[in-house]
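Working notes for the structure below.
Bear in mind these aren't lab numbers, they're just calculated from the coordinates by the rules spelled out. Computed from a predicted model, the values in this text were never measured in an experiment. Here the Cβ positions follow ideal geometry from the backbone for every residue, glycine too, while neighbour counts run over all protein chains shown.
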Amino acid sequence: MTHRIAIVGIGKIARDQHVPTLAASPDFELAATASRNGRVDGIDAYTSLNDLLEARPDIPCISLCTPPHVRYADARLALEAGRHLMLEKPPGATLSEVHDLIDLAAAKGLTLYATWHSRHAPAVAAAREWLADKDITRLHISWKEDVRHWHPGQDWIWQAGGLGVFDPGINALSVLTAIYPRALHLTRAELAFPENRDTPVAAELDFFDPGGAAITAEFDWLKQGRPEWDMHIETASGAARLSEGGARLTVDGAETQGPDAPELVGEYPALYARFAELLAEGTSETDLAPMRHVADAFILGRRRSAPRFDW
Ligand code: NAP
């Protein structure tokens, strides 16, 4: 069965991933867009979600690709209008907002899917399997990229609610919470804020693991050149590296899972396939663990001042 779907917020991720994924999807048909400025050639376009919902009662599914701090109002509107909803990561600007959406979707009998695209990177499932029976002693996350290259001119990431370096960092935390065999919690955070910005440009995190491993993370948004999206894992029976944002798993120096395996599905095709499954089951998926760690980092984090940031 093919579901008609509309995308809200035609920007970078909608163009890079959602539109091409939907064009090839066996489960969905892109029927309309809602965006103040953006549009997709050949697709019915509205400048607000409200107009779209009024004009197109035949579209049962909405996918929100706007920045997180403006997403809640549209999410609520879509659910109130009886539409199933898929959310880009992070699912909102605050945990309370998302809990409200979870309750509303449940009350209305609608599917709500809070996506974490990095969990569908090629080697994440293999890393989870490998770790499941290991005596883990240490895990260090190094998530470093050049914000000017990956988010050119996106001022919302520097505004309160835009998460700063946690915008990519939450991808690392979504992978960590997917592969780690136990629940962890944050014990220390140090956040570096540029003197002219409201969100951090770098962060260091320590977590408590009831199993006794030392879990640490380092996020940096000013690394030029090749990005580092890596996890270094040490266990009593060998070491592993989950690298390239979850695309490669190397165990004791030998690659066990890489990004070129023929059976692999891309991150966004996997997200839409999962949304179709949830619709078929009539259920929701809203794991907030990655966002909870980010919220804890903002609550617990020691603030450090960093040089001003200009594009
Ligand atoms: P973006 O291009 O800056 O924004 C997406 C679109 O949302 C914009 O083109 C704009 O469309 C609309 N928008 C922007 N600011 C708005 C505002 N203040 N009020 C209302 N609408 C606004 O952002 P993006 O990079 O696509 O990211 C969107 C979401 O996807 C974020 O949560 C991000 O974390 C997530 N994501 C991004 C990437 C990536 O590589 N960029 C990867 C994975 C996930 P109109 O002007 O036409 O309304």
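At-a-glance table
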quantity: Number of the condition not met by T47 [criteria: (1) within 13 Å of the ligand (Cβ to nearest atom); (2) touching a residue at least 24 places away in the same chain (Cβ under 8 Å); (3) among the polar types (S, T, N, Q)]; calculated: (2)
quantity: Some residue of the range 119-130 being free of Cβ contacts under 8 Å to residues at least 24 places away in the same chain and either more than 30 Å from R248 (Cα to Cα) or not β-branched (V, I, T) (or both); calculated: yes
quantity: Qualifying positions in the range 181-200 - surrounded by fewer than 22 Cβ atoms within 10 Å (Cβ to Cβ) and outside any strand (DSSP E or B); calculated: P181, R182, A183, L184, E195, N196, R197, D198
quantity: Hits in the range 251-284 (condition: loosely packed, with under 13 Cβ neighbours inside 10 Å and assigned to a helix (DSSP H, G or I)); calculated: A280, E281
quantity: Residue tally, condition outside any helix (DSSP H, G or I) and more than 6 Å from the ligand (Cβ to nearest atom), over the range 5-20; calculated: 4
quantity: Test result for T115, of a type outside the set (A, V, I, L, M), surrounded by fewer than 18 Cβ atoms within 10 Å (Cβ to Cβ) and within 12 Å of the ligand (Cβ to nearest atom); calculated: no
quantity: Residue identified as away from the ligand (no atom under 12 Å from the Cβ) and surrounded by 15 or more Cβ atoms within 10 Å (Cβ to Cβ) among A125, A107, A23, A55; calculated: A125
quantity: Hey, L30 surrounded by 14 or more Cβ atoms within 10 Å (Cβ to Cβ), part of a helix (DSSP H, G or I) and in contact with a strand residue (DSSP E or B) (Cβ under 8 Å, 6 or more places away or on another chain) or not; calculated: no
quantity: In the range 125-149, the residues that are in contact with a helix residue (DSSP H, G or I) (Cβ under 7 Å, 6 or more places away or on another chain) and of a type in the set (F, W, Y); calculated: W143
quantity: The lone exception for D133 - which of (1) within 11 Å of the ligand (Cβ to nearest atom); (2) among the acidic types (D, E); (3) free of Cβ contacts under 8 Å to residues at least 60 places away in the same chain it fails; calculated: (1)
quantity: Qualifying positions in the range 104-143 - under 22 Å from the mean Cα position of the chain (by Cα) and of a type in the set (K, R); calculated: R119, R128
quantity: Filtered residues of the range 5-43 (kept if over 21 Å from H117 (Cβ atoms) and out of contact with any Leu (no Cβ under 8 Å at 6 or more places or on another chain)); calculated: A31, R36, N37, R39, D41, G42
quantity: Answer residue from the range 26-44, given it is within 25 Å of G153 (Cβ to Cβ) and of a type outside the set (V, I, T) and is farthest from the ligand (Cβ to nearest atom) among those; calculated: D41
quantity: Residue in the range 285-292 that is under 24 Å from L64 (Cα atoms), among the aliphatic types (A, V, I, L, M) and assigned to a loop (DSSP other than H, G, I, E, B) present; calculated: yes
quantity: Near pairs, Cβ below 6 angstrom, 6+ apart or cross-chain, from the range 18-35 (free of Cβ contacts under 8 Å to residues at least 60 places away in the same chain) to any residue that is loosely packed, with under 14 Cβ neighbours inside 10 Å; calculated: E29/T2
quantity: Leading residue by the ranking (farthest from T216 (Cα to Cα)) among those in the range 171-180 that are surrounded by 22 or more Cβ atoms within 10 Å (Cβ to Cβ) and small (G, A, S); calculated: S174
quantity: Some residue of the range 205-215 being under 29 Å from I10 (Cα atoms) and surrounded by 20 or more Cβ atoms within 10 Å (Cβ to Cβ); calculated: no
quantity: Qualifying positions in the range 143-168 - within 11 Å of the ligand (Cβ to nearest atom) and under 22 Å from I215 (Cα atoms); calculated: E145, L163, F166, D167, P168
quantity: Hits in the range 111-150 - residues which are assigned to a strand (DSSP E or B) and either among the hydroxyl-bearing types (S, T, Y) or in contact with a Phe, Trp or Tyr (Cβ under 9 Å, 6 or more places away or on another chain) (or both); calculated: Y113, I136, T137, L139, I141, S142, W143, K144, D146
